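Here is the structure we will look at.
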Amino acid sequence: MRRVLKLTFLALLVLVVAAIGLSTWQFATYAPRDRPVPADAAAAAWFIDDYAAARRDFLTRGDALAGRLAGVERFAIPVASPSGVAGLFVDGLYIPAQVTSKRLLVISSGVHGVEGPAGSAVMRLFMAEFTSADALAETGMLFLHALNPYGFAIGRRFTENNVDLNRNASTSDALYRTVNAGYPMVDAVINPQGPADAGSLANRLFHLRAVALIAQHGMPTLRQAVLQGQYQVPKGIYYGGQALEPELAALAPRVQPILDAYPLSMSIDLHTGYGARGTLHLIFDPPKDARVRERLEAVFAGQRIDWASGADFYTVTGDFVGWLGKLRRTGLHLPAVFEFGTMDSQTTMGSIKSLHVTMLENQGAQFGYASPADRDKIQRDYREMFNPSSAAWRTQVMQDSRAMLRVVTEHWPRVALP
Ligand SMILES: [Zn+2]
């Protein structure tokens, strides 16, 4: 009997060791594959990774639009950088409706700085291909380029104050007193202190700690705790700040009169990182106002909308598009988000890997890196997560965006005014 028990124990031990070994290998080599789309150099060429060059192209295209359309306004909000990064601006380009002011489209990019290259590319494509005099007869368009220019320039999601603008945007200071009750249970795991060392045992086995947390609390609870935003840990990830960030504070008085000039507005905020690689997800907060939901469904008729409510999703506090809507004094605002997936974060391994990449980059930004090699690897993984260099991925983003923008601009002129 004892011999049988001993053998069973040994067999179990071998199985456990094999499972740990296999999962550790999978975690270390995780790289979601591109969808099989032939890379198109012309599509991929829309991507400009360098912030200053992307800005120049945005401004040049703005000049061209101002030359052929009436009443175009431009503004540049300078963003101060305590560490001395020069030439940072949030740029705005407003094209008023050319005949009657009925509807306003707002396209925004770079709320998460490191996601800026894709957002800037899609925005410039929109400026080039969807701004005919006909399209602008009753629709005004407002383009907001690089809302977090510091993050775009240096490759961070967050601002120089470590603030996630998509957790910071609020018309009320009450947001910054919000307590994310779940954050303390993940804080120690996702915000380690000391120089970031990608090869340490704790990092190589990060997936095991994550799986233990999932087993203990369940994936929906954890996802919500990590991602909703937090206002207590200034050096932690998904920090929403203690006040409205200066970029947004300066933007509000600029955009408010533009929004108010139209009874109906819709904003499309451009993001990368969440969801299936190479897929354009429409992830919208479920609106409290039925009139908003009806109209979003009309704009995106025939497309799949993921209303961020089920167990697979999380709700955030202080999101940018919701804030834009609250700036309106009258009328109706439709908040929309395009999210281009990169990491298959809908899978368990994809979400653990995404969290680990985010965590290591923030640790490095806060406490430095164990070595230059660690810095290079960690920053490269981070950029690849939010701005994949793959030509196939970039092609997919541009092709799907063009198709989706056709859907939007076809339905938009018929969406009922409030
Ligand atoms: Zn984002």
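The values are calculated or read from the model by the stated rules, or taken from the named source; none is laboratory data. Predicted model only: the values in this text are computed from it and were never measured. Heads up, the Cβs are rebuilt from the backbone with ideal geometry, glycines too, and the neighbour counts pull from every protein chain shown. The area values use the complete protein model at the heavy-atom level, side chains included, leaving out ligands, DNA and RNA. Shrake-Rupley method; radii C 1.70, N 1.55, O 1.52, S 1.80 Å.
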In the chain the DSSP beta bridges are antiparallel at a rate, in percent to nearest 5, of 35
Under the Karplus relation with 6.51, -1.76 and 1.60 and θ = phi - 60°, whole-Hz ³J(HN,Hα) for segment 368-382, x at Gly and Pro, equal x, 10, 5, 7, x, 5, 5, 4, 4, 5, 5, 6, 5, 4, 5
Only Lys, Arg, Asp and Glu count, each charged at its Cβ (+1, +1, -1, -1), so figure out the dipole size of the chain about its Cα centre, rounded to 20 debye.
860
Per DSSP, loop trypsin sites (Lys or Arg not before Pro) in segment 311-372 with at most 14 further Cβ within 10 Å
Arg329
Taking the alpha-carbon distance from Lys235 and a cut-off under 24 Å, which lysines remain once sequence neighbours fewer than 8 residues away in the same chain are dropped?
Lys353, Lys377
How large is the dipole of segment 289-418 about the Cα centre if only Lys and Arg carry +1 and Asp and Glu carry -1, each at its Cβ, rounded to the nearest 20 debye?
500
Placing +1 on each Lys and Arg Cβ and -1 on each Asp and Glu Cβ in segment 176-307, then taking the dipole about the Cα centre, the residue among Asn203, Gln232, Val292 whose Cα reaches farthest towards the positive end is Asn203
Between beta-carbons, use under 13 Å as the cut-off and find the net charge around Met404, counting Lys and Arg +1, Asp and Glu -1.
-1
Counting heavy atoms of the protein chains only and a 1.4 Å probe, report the per residue accessible area for the chain as a whole number of Å².
43
Using just the helices of the chain, give the 222 nm mean residue ellipticity in deg cm²/dmol: DSSP H runs with n ≥ 4 each add -39,500 (n - 2.57), and the total is spread over all residues, rounded to 500.
-14500 deg cm²/dmol
At a 1.4 Å probe radius, carbon and sulfur cover how many percent of the accessible area of segment 374-418?
46
Three-way shape call for segment 82-207 based on the alpha-carbon gyration tensor, with the a/c threshold at 1.5:
prolate
Listed by chain and number, the lysines with an alpha carbon less than 20 angstrom from that of Lys288, same-chain partners under 8 positions apart left out, are Lys326
Under a Cβ-only charge scheme (Lys and Arg +1, Asp and Glu -1), can you give me the dipole magnitude of segment 189-268 about the Cα centre, in debye to the nearest 20?
320
Once the dipole of segment 303-346 is set up from charges on Cβ (+1 Lys and Arg, -1 Asp and Glu), the residue from the list Val316, Leu332, Gln303 lying farthest towards its positive end is Leu332
Integer Hz, Karplus 6.51/-1.76/1.60 couplings in order for segment 331-348, x for Gly and Pro:
x, 10, 10, 9, x, 10, 10, 9, 10, 9, x, 10, 10, 6, 6, 6, 8, 5
Classified through the alpha carbon gyration tensor (a ≥ b ≥ c as square roots of its eigenvalues; rounded if a/c is under 1.5, else prolate when a/b is larger than b/c, else oblate), the chain comes out prolate
Distance (nanometres) between label positions extended 7 Å along Cα→Cβ at Thr347 and Ala80:
4.7
Give the residue from Phe27, Ile77, Leu10 lying farthest towards the positive end of the charge dipole for segment 1-103; charges sit on Cβ (+1 for Lys and Arg, -1 for Asp and Glu) and the dipole is referred to the Cα centre.
Leu10
If one computes the Cα centroid of segment 330-409 and of segment 1-59, what distance in Å separates the two points?
14
When only DSSP loop residues count, what trypsin sites (Lys or Arg not before Pro) in segment 251-317 have their Cβ near at most 16 other Cβ atoms within 10 Å?
Lys288, Arg304
Determine the share of segment 80-214's accessible area contributed by carbon and sulfur atoms, expressed in whole percent, with a 1.4 angstrom probe.
57
Applied in sequence order to segment 293-307, the curve 6.51 cos²θ - 1.76 cosθ + 1.60 (Karplus, θ = phi - 60°) yields integer Hz couplings, x standing for Gly and Pro, of 4, 3, 6, 4, 5, 6, 5, 9, 4, x, 9, 7, 9, 9, 6
Tell me which trypsin sites (Lys or Arg not before Pro) from segment 1-79 have a DSSP coil assignment and no more than 15 other beta carbons within 10 Å of their own.
Arg33
